[in-house]
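Asker: Just passing along the structure, written as structure tokens.
The values are calculated or read from the model by the stated rules, or taken from the named source; none is laboratory data. Note that this is a predicted model, so its numbers are computed, not measured. Counting neighbours? That spans all protein chains shown, and the Cβs are built from the backbone with ideal geometry, glycine included.
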Amino acid sequence: MTTTPFLGCKISLISKSEIRYEGILYTIDPKESTIALSKVRSYGTEDRPAERQVPPRDDIFEYIIFR
């Protein structure tokens, strides 16, 4: 049984660079202050104001670890 009920759920997060990512919540490591997503897609900055506009990508990343 998992202690984090959202593991395995699809989530969307926005990075400090204003890039939106969507994927499956794989792990949360409070000691390292990281969140890992699997099967991740980048939607770019969309219409958010950002220092640098980033277009969406068609690639699906196997895993991304966010700090």
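Asker: Which condition from (1) modelled with pLDDT under 95; (2) touching a Phe, Trp or Tyr at 6+ places or on another chain (Cβ under 9 Å) is the one that THR2 breaks?
Answerer: (2)
Asker: Which members of region 13-64 meet the condition of being among the small types (Gly, Ala, Ser) and without any contact (Cβ under 8 Å) to a residue 24 or more places away in the chain?
Answerer: SER42
Asker: While we're here: Please count how many residues of region 34-58 are out of contact with any Pro (no Cβ under 7 Å at 6 or more places or on another chain) and within 17 Å of ILE11 (Cβ to Cβ).
Answerer: Of the residues in that region, 9 qualify.
Asker: Residues of region 8-31 being in contact with a Ser or Thr (Cβ under 7 Å, 6 or more places away or on another chain) and within 19 Å of ILE60 (Cβ to Cβ), which ones?
Answerer: ILE19, ARG20, TYR21, GLU22, GLY23, ILE24, TYR26
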